[in-house]
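Beneath this line is the structure, given in structure tokens, with notes to follow.
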Amino acid sequence: MPDRKEPAVDTVRLTMAQALVRYLIAQRVELESGQVSALFPGVFAIFGHGNVTALGEALHAAGDDLPTWRGQHEGTMAMAAVAFARARRRRQVMVATSSIGPGALQMVTAAGIAMANRLPVLLLAGDTFISRIPEPVLQQAETFTDPTITVNDAFRPVVRYWDRITHPAQVLATMPQAVATLLDPADCGPVFLGLPQDVQAVAYDYPQRFFARRVHRIRRPVPDAAEVAAAAEVIAIAHRPLLIAGGGVRYSGAEVALESFATTHRIPVAETVAGKGCLGWDDDLQVGPLGVTGSTSANLMAGEADVVIAVGTRLADFTTGSWSVFGDDALSLVSVNTCRFDAAKHLGFPVVGDAAVGLEALSAVLALAGYRGPEEWADRGRAETALWNQTVNEVTTAAATTPTGLPSYAQVIGVVNRLVEDQDYLVAAAGGLPGELNKTW
């Protein structure tokens, strides 16, 4: 019997670090405009023990194909990467890399921010030697009972996907899963990869097709027809419906679908912090920001609503006032969300699917039933919002007085608001300022 020949595989010999960088460069994504761009536009890096010799060399060789910017603090550069993901509507992902030890631990807070806000970021940290021959390495936190544990295990609770690359071939299985996690509209979040120093430099024969250019497209899950029908039945008997627009509207690019749904069915719209701007501030159905740091207009409407349609929101405590903003004990909740976990909260009627597709599906069923919210309810929203906007104008004007004679947060926000243009981004500090922005921007 003749020997069976194995099929020839076209390979290229690279170190693990070189293969990782080449794979990142090959990933492309289709933006909302239809334009194809780099999925990973760049890397924030602080090089040190564990990521300078192999990964640093690979990034340097990549040049402008994967630009690297030097950070000044591991935590803040990783937070900048998280902010980038939000600004790019989760369609592009920045990379942040640090050395092993305290440098890696500085990025744990950023991972927690990304995890809580469902935002993608790729975190690459150096790790201790798999061989253990040089141990302990610089600033290595040694665990006396389990030598496999390093500080990088601290990332496990605050990322969607965690892995440690202990063999160069492992990249072949790990990287597609990492990218799938970063782009999943339901389970999107941070990814962490620990890169042991010795494994980064190990060469391996990688299949050339692993580095083929791949264009990713964000999926739009279609909701189940039975869920849509059940939710539409609830909305169709509403006398005081209120729609809450969350960040999922923005990430879906569902602003047009939101406006169409609200206008067609005459349903007032309130916003979460993440959903701010999904509907124009001067739209006649816009009732303002909702919740603890929200407006009196939105909170009054929520207090009287009998049906709430939550679209693309986790309904966090700042939005719901720990569920105190809703005053009707018989309130019914419809939740449109790509994430099953969020859609099933608070005994709601779930519509698990993309925000734009879900709104369009609900609108089609409601249109057949001829449903429109009562015009007197929409009029109530307009009247309350007009009063709120008048208050905002009064507190943000330069003529407003303060006990100290110094400008208030609201006055400063008012000045900035009048000077910025549509394409500008605003970055705010923590503390009281975000609440003031939510109220008065």
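Listing for the model above:
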item: Charge context of Phe349, other residues only, Cβ under 10 angstrom, K/R +1, D/E -1; result: -2
item: Residue-averaged [θ]222 nm for the chain, counting only DSSP H segments that reach four residues, each worth -39500 (n - 2.57); result: -11000 deg cm²/dmol
item: Qualifying trypsin sites (Lys or Arg not before Pro) in the stretch 1-98, DSSP loop, other Cβ atoms within 10 Å at most 10; result: Arg4, Lys5
item: Neighbour-count order for Asp317, Asp306, fewest beta carbons within 10 angstrom listed first; result: Asp317, Asp306
item: Mean separation of Cα contacts under 8 Å, 6 or more apart, over the residue count of the stretch 397-441: relative contact order %; result: 43 percent
item: Computed E for Asp153/Ser322 - FRET, C-beta separation, R0 30 angstrom, nearest 0.05; result: 0.35
item: Fluctuation leader among Thr320, Thr148, Thr293 - the chain, Gaussian network, Cα springs under 10 angstrom; result: Thr148
item: Relative packing of peptides 396-404, 151-159 - highest average C-beta neighbours within 10 Å first; result: 151-159, 396-404
item: Net charge of Cβ neighbours under 12 Å - reference Ile218; Lys, Arg +1; Asp, Glu -1; result: +3
item: FRET efficiency, 1/(1 + (r/R0)^6) with R0 45 Å, evaluated for Thr76 and Gln390 via beta carbons; result: 0.70
item: Cα pair count fraction exceeding 39 Å, expressed as % - the chain; result: 32 percent
item: Gained length - Leu426 relative to Asp284, 0.36 nm times residue gap less alpha-carbon distance; result: 48.6 nm
item: Charge dipole of the chain about the Cα centre (unit charges at C-beta), most positive-ward option of Leu242, Tyr409, Thr15; result: Thr15
item: Signed unit charges on C-beta, dipole axis of the stretch 84-173, positive-most listed residue Thr166, Gln140, Val108; result: Val108
item: Cα-centre dipole for the stretch 185-253 with unit charges at Cβ (Lys and Arg positive, Asp and Glu negative), debye to 20; result: 400 debye
item: Label-point gap, in nm, between Ala203 and Leu433 - each point 7 angstrom along Cα→Cβ; result: 5.2 nm
item: Net charge dipole size for the stretch 11-216 [Lys, Arg +1 and Asp, Glu -1 on Cβ; Debye, nearest 20]; result: 700 debye
item: Cα long-axis angle, helix 409-419 against the chain (0 to 90 degrees, to the nearest 10); result: 80 degrees
item: Among Trp162, Trp323, Trp377: highest mean-square fluctuation, GNM of the chain, C-alpha pairs under 10 Å; result: Trp323
item: Check: the chain dipole with +1 on Lys, Arg Cβ and -1 on Asp, Glu Cβ, in debye; result: 920 debye
item: Local electrostatic count, Pro147, Cβ distance below 11 Å [Lys/Arg +1, Asp/Glu -1]; result: -2
item: Peptides ranked, highest mean first, by Cβ atoms within 10 Å: ranges 236-242, 415-421, 295-301; result: 295-301, 236-242, 415-421
item: DSSP-loop chymotrypsin sites (Phe, Trp or Tyr not before Pro) across the stretch 384-431, with at most 10 other Cβ within 10 angstrom; result: Tyr425
item: Low-density loop cleavage sites - GluC sites (Glu not before Pro) in the stretch 9-103, where at most 16 other Cβ are within 10 Å (DSSP); result: Glu32
item: Packing-based exposure ordering (other Cβ within 10 Å, fewest first) of Ile235, Ile25, Ile149; result: Ile149, Ile25, Ile235
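Any read-out appearing in this document is the output of simple, stated calculations on the displayed coordinates, not a laboratory observation. The structure presented is a predicted model; accordingly, all values stated were derived computationally and were not measured. Positions of Cβ are backbone-derived with ideal geometry, glycine not excepted, and every protein chain shown enters the neighbour counts.
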